[in-house]
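These notes are about the structure you will find just below.
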Amino acid sequence: MTRIANRADSEGFVGVFDSGAGGISVLQHLVRALPGEDFRYFGDSANAPYGAKTPDEVYELSANITERMLDEGAKALVIACNTATSAAAATLRRRYPEVPIVGVEPALKPAVLAAGSKKVLVMATQVTLALEKFHRLAERWAANTELETVACVGLVDRIEQGHLDEPDLIDLLEGLVGAYRGEVDRVVLGCTHYPFVRTQIAQVLGDVRFFDGGEGTARQLRRLLTQNDLLREGHDGTVSLASSIDTPEQLALYRWFFNQPV
Ligand code: DGL
């Protein structure tokens, strides 16, 4: 039975989760935009990648993390994962209507609205691209834009390992998106792991502009906390990082990701 502790109390923490380290790219935006909040991050690296699982499996994993965070006293949640947002956010919002739940989605709108003369490339996981949510987004914003979508199989696994300056990562990206060099000028990073390899993607694609959901997610969290009278200001916020791979090495890797530019 989930007890929603502190739900009307601005002193509760904001729970942030992802299938692994990717959501740390979103967490960086949240911490910058809302420095008075206490954030607790959980990365489910033991079960990553979510993008290769069925939507039902992703829902179950996301629901378990949500329930645990609410039991621990989360006042709001950020699903810092496009895949889990697509598979679970709507159902979780129905299940916990009293809790502000913010999801992330591919930043298709700003990419389509930005000036550009070539196609827009969307990089995301298989689940994100297959589910209804993405198709609705594409119909709404990209009906008159040429979109290319690539399910980047293997990329989340590789980013989870760290060592992002090794040549094998460039080889992997070359195989995934190399064919679009010169064809696209705007790239939507539709998975929260990908901002960590922005430079490497640019190495393969050349001169492109990137779009991700990090800043928009921080704005939406501020909006919902304010509306619900839960915003915490005038206090030095804290950040804690945890993983389902509970080892010192994994936590050191998460800390490293937290300090990478995104
Ligand atoms: N960071 C997750 C996302 O935004 C990655 C999903 C996965 O584990 O495949 O989609």
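Some points to look at:
- Scanning region 9-27 turns up one or more residues that are touching a residue at least 24 places away in the same chain (Cβ under 8 Å), of a type in the set (Phe, Trp, Tyr) and in contact with a Gly (Cβ under 8 Å, 6 or more places away or on another chain).
- Residue list for region 17-54, filter: of a type in the set (A, V, I, L, M, F, W, C), within 14 Å of Arg222 (Cα to Cα) and more than 9 Å from the ligand (Cβ to nearest atom): Leu27, Leu30, Val31, Ala33, Leu34, Phe39
- Selection over region 132-141 of residues that are within 12 Å of the ligand (Cβ to nearest atom) and either over 16 Å from the mean Cα position of the chain (by Cα) or closer than 22 Å to Ala179 by Cα (or both) gives a count of 0.
- Residue match in region 80-89 (condition: at negative phi, surrounded by fewer than 24 Cβ atoms within 10 Å (Cβ to Cβ), out of contact with any Lys or Arg (no Cβ under 8 Å at 6 or more places or on another chain) and in contact (Cβ under 8 Å) with a residue 12 or more places away in the chain): yes
- Taking residues in region 33-56 that are aliphatic (A, V, I, L, M) and at pLDDT 95 or above, and partners anywhere that are surrounded by fewer than 20 Cβ atoms within 10 Å (Cβ to Cβ) and not in a loop (DSSP other than H, G, I, E, B), the pairs with Cβ atoms closer than 7 Å and at least 6 places apart or on different chains are Ala33/Arg222; Leu34/Arg222.
- When Val177, Val188, Val184, Val153 are screened for being surrounded by 19 or more Cβ atoms within 10 Å (Cβ to Cβ) and either within 19 Å of Ala87 (Cβ to Cβ) or within 13 Å of the ligand (Cβ to nearest atom) (or both), only Val188 passes.
- Flag for Leu129 being buried (at least 20 other Cβ atoms within 10 Å of the Cβ) and out of contact with any helix residue (DSSP H, G or I) (no Cβ under 7 Å at 6 or more places or on another chain): yes
- All positions within region 191-212 that are within 16 Å of the ligand (Cβ to nearest atom) and of a type in the set (Asp, Glu): Asp212
- Within region 61-99, tally of residues that are outside any helix (DSSP H, G or I), within 16 Å of the ligand (Cβ to nearest atom) and among the aliphatic types (A, V, I, L, M): 4
- Residue match in region 82-90 (condition: under 12 Å from the mean Cα position of the chain (by Cα), closer than 19 Å to Arg219 by Cα and of a type outside the set (D, E, K, R)): yes
The values are calculated or read from the model by the stated rules, or taken from the named source; none is laboratory data. The model shown is predicted, which means the values in this text are computed figures rather than measured ones. Please note: Cβ atoms are built from the backbone with ideal geometry, for glycine as well, and neighbour counts cover all protein chains shown.
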